[in-house]
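What follows draws every value from the coordinates through simple rules; no lab data is involved. Keep in mind the model is a prediction, meaning the values are calculated, not measured. Cβ atoms come from the backbone with ideal geometry, glycine included; neighbour counts cover every protein chain shown.
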Amino acid sequence: MTYDVAAMELSLGTRRRSPRGKQLRRLFRKYPLAMIGAAFIFLVTLVALAAPLVATQDPNIVDGRNALQTPSADHWFGTDRLGRDVFSRITYGSRISLQVGVLAVLFAGALGVPLGLIAGYFGGIWDGIVMRWSDSIIAFPNIVLALALVLVLGPSVLTLMFALGLGASPAYARLVRGQVLAVRELDFVMSARSAGASDLRIIGQHVFPNVAAPIIVASSLTMAGAVLAEASLSFLGVGIRPPTATWGGMLQESYDLIYVAPWLSVFPGAAIFLLTLSLNLIGDGLRDALDPRIRRAAS
Amino acid sequence: MLAYAVRRLTQVPIVLIGVTLSLFIIMRLLPGDPIQAIIGESEGASFDEEAVQALREELGLDKPVLVQYGTWVTDLVQGDMGQSTRNRLPVREQIFDRIPATLHLGVASLTVALLIGVPAGVVSALKRNSSLDFLVTFVAICGLAIPNFWFSILLIWLFVVELNLLPATGFVPIWEDPVQSLKLLAMPTTALGLTLSASLMRHTRATVLEVLNQDYVRTARAKGLRSSVVVRRHVMRNAMLPILTIVGLQVGGLLAGSVIIETMFSMPGIGRLAIQSINSRDYTMLQGVVLVFTAITLVVNFATDVSYALVDPRIKYR
């Protein structure tokens, strides 16, 4: 297997050999869309971390006299029906989207990856249990599962992490299981076993490193899905409760004002769209870089 | 082959039980009591303890969860999906009433997805790395990222608010008033069909690219066949099967999407029924809706897997 070294270094953070600027330019030429996506994620992360500095005012200040203003120099994205500044609310809303996205991916990975390793490595009854479990979650309409779980556990970032992560975990389990099945019978695993290595050691030292690359690809696509799902739940009114600013929640509040204040619906939706798009672009770029089979087909 | 189909079929009830039992337990952990929901609505604030208890017993909610589940399964096997805890009408009839709207939306969206996604994917693969390919691929990746509820809002803004071309929300069966029905379906279908066509386009492109790389395509080219013949006879025939599988897998996404789209456009479908029954704590109704969703997904997946194995003799199943 040959991997694209430049992209591997970018994604896995191994040591760089050439100066950073030159490296970036080379990567950009090769994967322009993925690099644009990465730049946008970087920007959103900065905005989320420095929200109090970026926002032009407190996102929750209600000002009835200035309600429903069109975008202007004072209010870049206008104001909502309570006179709150839309730009500032989008700034703070990025925190919820990113937190839920990252945490859901971590939870899905923490649950799905070990289960996939167990199913693939031990097979038999373990494989059966894990696969029926994953079939059940996949067959469960995921938005209904998430809705029910959020209603049971109450809306919070951790609840959303659990509800969305649970729905995404079978994808990890199946992916890892497939990779393990492919790797399990290879010579280096056999030789480790004949040298007396324990199962745990074989999984940790020999099997897991070989399934890491597809997991990274899957993670950026899973995060895109989680960001979209969080926005959908907030739009349906079961996400993080108002007045906390969330992009989906802002769309829910502005939806029935479409006749009088359509701009209110444009900006939060565009934010969700661009974040999801960037994550998809990075996922595609990583897949092209890490999967030699697809690259061969595309060249 | 038959053994594979039978073994695959025995997994269906296991998964169905897994899904419905876990939903059963989750729903009973929900804060809020369906009895309170019923009484609070019909009789204002009067709480007659005896009446509450009687209603609870009548609906079987006083028994342990597993007993309730057992009763539900026993009734289900006899074709009875129970009665709604909300309006006490039979769940089965209410779900049947909701099927036309969901069917309209699903069939229309799938048609749009097939008509746009497959041709776009094929052209993109045949002309790979051309500017047309980049354009189509980019539109598809945008289609996957766009939240369908936001896309719906934008459609309503353009076609209802600005241009005043389409009625905003509602549903009319096509056999009652075809013109009005299609007008009402136009926006929900576009919103749901866009994501589907984007995903179908990407899979089609990847599949066709893979087939183009096969030895038999090279052979066909080498023996001097015209490229249109190669595409029609060798590439498309071999690419169609994987593409059909993807279509089968998308039925799940279609159902999930219908939950939001039907709610947005006030379509009286099963997806909207799911949201309504969660909001009103209608245990039996939600149980029925999820059962129907899950069963559809499982049956379609089963049919796709088995047809795949039937048609392609190279595939062996253990």
Estimated [θ] at 222 nm from DSSP helical runs (n ≥ 4, -39500 (n - 2.57)) normalised by residues in chain B, nearest 500 | -24500 deg cm²/dmol
Nearby lysines by direct alpha-carbon distance to A:Lys22 (threshold 21 angstrom, same-chain neighbours under 8 apart not counted) = A:Lys30
Per the helix-only calculation at 222 nm, which mean residue ellipticity applies to chain A, given -39500 (n - 2.57) for every DSSP H run of n ≥ 4 and division by its residues, nearest 500 deg cm²/dmol?
-> -24000 deg cm²/dmol
Coil-residue chymotrypsin sites (Phe, Trp or Tyr not before Pro) of the stretch A:202-296, DSSP, other Cβ within 10 Å capped at 16 | A:Tyr259
Is any helix in chain B, taking whole DSSP H runs, at least 15 angstrom long along its axis by alpha carbon and on average at least 1.0 on the Kyte-Doolittle scale, and which ones?
-> B:2-29, B:65-77, B:91-126, B:131-145, B:237-264, B:283-311
Within the under-14-Å Cβ sphere about B:Ala274, not counting B:Ala274, Lys/Arg +1 and Asp/Glu -1 give a net charge of +2
Measure out, as a whole number of angstrom, how far apart the alpha-carbon centroids of the stretch B:269-286 and the stretch B:50-105 sit.
-> 12
Under 26 Å from B:Lys223, Cα to Cα: lysines that are on another chain or at least 8 residues apart = B:Lys127
Pull up the cross-link candidates among the lysines for B:Lys63, meaning alpha carbon to alpha carbon under 23 Å and not fewer than 8 places away within one chain.
-> none
The summed charge of the B:Ile99 Cβ neighbourhood (under 15 Å; Lys/Arg +1, Asp/Glu -1) stands at 0
Mean Kyte hydropathy of -1.0 or more with a Cα span along the axis of at least 18 Å, helices from DSSP in chain A = A:32-49, A:86-122, A:124-139, A:157-184, A:208-235, A:263-290
Number of partner chain Cβ atoms within 10 Å, mean per residue of B:148-158 | 6
Starting from the Kirkwood radius over alpha-carbon pairs of the protein assembly as shown, derive D by Stokes-Einstein at 10 °C in a medium of 1.306 mPa s and give it in µm² s⁻¹.
-> 60
Packing-based ranking, highest mean first, of B:199-205, A:66-72, B:60-66, B:139-145 given that Cβ atoms within 10 Å are counted = B:199-205, B:139-145, A:66-72, B:60-66
Could you rank the peptides B:286-294, B:91-99, B:244-252 by their average count of other C-beta atoms within 10 Å per residue, with the highest value first?
-> B:286-294, B:244-252, B:91-99
